[in-house]
Each structure stands twice: as C-alpha cells, then as structure tokens.
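Accompanying notes for the structure given below.
The values are calculated or read from the model by the stated rules, or taken from the named source; none is laboratory data. Bear in mind the structure is a predicted one, so any value in this text is a computation, not a measurement. Quick reminder, even Gly has a Cβ in these numbers, built from the backbone with ideal geometry, and neighbours come from all protein chains shown. Just the protein is used for accessible areas: all its heavy atoms, side chains included, with ligands, DNA and RNA removed. Shrake-Rupley method; radii C 1.70, N 1.55, O 1.52, S 1.80 Å.
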Amino acid sequence: MLQSSPMYAYIPARDVARAREFYEKKLGFTPKQEIAGGVLYEFGAGTACFLYSTPNAGTSKASQAFWAVDDVEREVAELKARGVVFENYDMPGEKSASGVVSAGGAKAAWFKDSEGNILALIQSL
C-alpha cells in the first residue's frame, strides 16, 4: 500500500529564514508553497521536500536526502560555483579532491546545508 504512494523528504532547519537563503540562493530552488511556517519545494518526477523548523536540525550523521542526477561532476561544478562546499569522505580505496566518489555502481557527492544537514547527489553508472 505505501509503496504505491508518493514519498517526500523532510528537511529540518533551526532557522528557516537562513535555510531558505541557502536553498533558494545557493541551490536555486523556487518555493512552491509556504505551509505552517515551513516551505514546500517541488522537484522532478513529482517529488518534493518540506523544509520545516525544529531544534533538532543538523543532528543526523547520515544523509537526509539525495537527488538522482545524470551528471554528478557537472552538478558539483555548478554548485561549487554558487558557493556550495562539498564534503570529502574517505571511502574504501578512494578519496576524491573534487568531492565525487565512485563506488557500488554509482558516483556520489555530499554537501551540508546551512543547518548542518547532509545532502547527496547520486549518479547511477
């Protein structure tokens, strides 16, 4: 039953105004709707995320969400040009100065938003 229903990501923010600045200025998102003090952003294939206020933002050590992209290297270059800083994780047998790692049949890159949430770009190979 649930698998046939749409699923959306929650993105926590300690400071919604600061987070909106990051998502709208650095990532170039356009808000779809403001709801209960939060913001809904829509993406491709009918997906979306809801940015909302919580004191628990940035406390997860795991990725909050990822975007499936066609060319991770291009996306990383474009986001770096906008001031986004990518994480450099040590993966078994690989570390990339560009922030892009190839492993498990995919290329991946991770960055943190203004609230400390970890987000990823994934390209299937």
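Structure data summary
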item: Residue among V39, V84 that alone is in contact with a helix residue (DSSP H, G or I) (Cβ under 7 Å, 6 or more places away or on another chain), within 14 Å of W110 (Cβ to Cβ) and either free of Cβ contacts under 8 Å to residues at least 60 places away in the same chain or part of a loop (DSSP other than H, G, I, E, B) (or both); result: V84
item: Condition check for Y89: at pLDDT 95 or above and out of contact with any Leu (no Cβ under 6 Å at 6 or more places or on another chain); result: no
item: Some residue of the range 25-36 being among the β-branched types (V, I, T) and open to solvent by 90 Å² or more (accessible area, probe 1.4 Å); result: yes
item: Residue, surrounded by the most Cβ atoms within 10 Å (Cβ to Cβ), within the range 59-75, restricted to residues that are part of a strand (DSSP E or B) and among the polar types (S, T, N, Q); result: Q64
item: Residue match in the range 42-64 (condition: at pLDDT below 95 and farther than 27 Å from D15 by Cα); result: yes
item: In the range 48-58, the residues that are in a loop (DSSP other than H, G, I, E, B) and touching a strand residue (DSSP E or B) at 6+ places or on another chain (Cβ under 8 Å); result: T54, N56, A57, G58
item: Residue match in the range 89-106 (condition: β-branched (V, I, T), assigned to a loop (DSSP other than H, G, I, E, B) and open to solvent by 60 Å² or more (accessible area, probe 1.4 Å)); result: no
item: Extreme residue, nearest to G58 (Cα to Cα), among residues of the range 1-14 that are open to solvent by 50 Å² or more (accessible area, probe 1.4 Å) and under 17 Å from the mean Cα position of the chain (by Cα); result: R14
